[in-house]
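Every number in this text was worked out from the coordinates using simple rules, so none of it is lab data. Only a predicted model underlies this, so the values are computations on that prediction, with no experimental measurement involved. Because the Cβ atoms are built from the backbone with ideal geometry, glycine has one as well, and the counts that use them run over all protein chains shown.
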Amino acid sequence: MIKLDDALNELVIANRILANENVVDAYGHVSIRNPDKPERFFMAHMLATPEIVERTDILEFGLDGELVSDSRTPSIERFIHGGIYEARPDVAAVVHAHAEDTLPFGITNVPLRPVIHSGSFIGTQVPVWDIADNFGDTDLLVSNTAHGRDLARCLGKNHVVLMRGHGFAAAAQSLIDVIRLSVYLPRNARVQLAAMRLGDFKPLSDGEVAARFARYKPYSAQTWRAWQYWAKRAGCGHMVGKSPKS
């Protein structure tokens, strides 16, 4: 299990990677479950951009989305993270973002499918959550525990859930895995959209997706290499230590 100090350091790196890879902008966030207290999670407070997140910007929350002890303004949509952690004890990290390329699949009847090998990590099923189904007309923000729990129910055992007219939430068993998933999710969506303009397309089979998951593990050499690459591109390569598996 990753140590708390390493987890918080990785969370700073994750924020900067997501910003540099254009997964998040002024909005969107990433969190990690407290490895020592699984009933809590960490996420940065509201800043102009995740690109400037420092260690001191990280806040701790309970699964109800309430701050453990801090007076700084938390993200309104912290309930996305709390709801998923509460429903999924296997999940160690969560990302919420508004990546534009994913949005068409949340407002049409065309399902988002894994179509490229690096997109296999989205899984074979990507459900769409519509906040209006159970809450009527809202501002589309996940702003309370009921919203978060409903979103988590729609996510189920999947890795990604699209949010109608809003964005996506992704969940994984490690922070590095959820960053990899979130970086390649918009790329997979772009490829599928391009293929649909040409005609029929062939998604990855269930067996191909399973084979990809079997090959890559948290902190594997392949995954760590990508983490180092993204961190260097984001200007924080110096913050990356040795892989826990090294």
Q: Provide the per-residue ³J(HN,Hα) series for region 37-48, in order, calculated from phi with Karplus coefficients 6.51, -1.76, 1.60 and θ = phi - 60°, each as a whole number of Hz, with x at glycine and proline positions.
A: 9, x, 8, 10, 9, 10, 7, 5, 6, 5, 10, 4
Q) Sequence-distant or interchain residues sharing an amide H contact under 5 Å with ILE131, placed H: which? A) ARG164
(Q) Suppose we keep just the DSSP beta bridges with both residues in the chain; what percent of those would be antiparallel, to 5? (A) 90 percent
Q: Within 10 Å of each residue's Cβ, count the other Cβ atoms and sort TYR85, TYR27 from fewest upward.
A: TYR27, TYR85
Q) Helix-derived [θ] at 222 nm for the chain: sum -39500 (n - 2.57) over DSSP H runs of at least 4, divide by residue count, nearest 500? A) -11500 deg cm²/dmol
(Q) For a quick check: with amide H placed at 1.01 Å from N, whose amide H comes under 5 Å from ALA93's, ignoring anything fewer than 5 positions away on the same chain? (A) ARG33, ALA172, SER174
Q) Going toward the positive end of the dipole of the chain, with +1 on Lys and Arg Cβ and -1 on Asp and Glu Cβ, which of VAL115, ASN134, SER182 do you reach last? A) VAL115
Q. Given the convex hull of the Cα atoms of region 1-74, what is a quarter of its surface area in nm²?
A. 4.8 nm²
Q: Please report VAL23, VAL142, VAL191 as a ranked list, fewest other C-beta atoms within 10 angstrom at the top and most at the bottom.
A: VAL191, VAL23, VAL142
Q. Between region 137-180 and region 63-119, how many Å separate their Cα centres?
A. 4 Å
Q: Indicate the helices, whole DSSP H runs only, in the chain that combine a mean Kyte-Doolittle hydropathy of -0.5 or more with a Cα extent along their long axis of 20 angstrom or more.
A: 4-20, 175-198
**Q.** Table column - 3J(HN,Hα) (Hz), region 127-135, Karplus curve with 6.51, -1.76, 1.60, x for Gly and Pro
**A.** x, 10, 9, 10, 4, 5, 4, 10, 10
Q: Report the equivalent ellipsoid semi-axes for the chain in whole Å, largest first, defined as the square roots of five times the eigenvalues of the gyration tensor built from alpha carbon atoms.
A: 26, 23, 16
Q | Residues of type lysines that LYS37 reaches as a straight line, Cα spacing below 30 Å, ignoring anything fewer than 8 places off in the same chain | A | LYS3, LYS157, LYS217, LYS242, LYS245
Q: For ARG40, enumerate residues with amide H under 5 Å from its amide H, sequence gap 5+ or separate chain, H modeled in the peptide plane.
A: ASN34
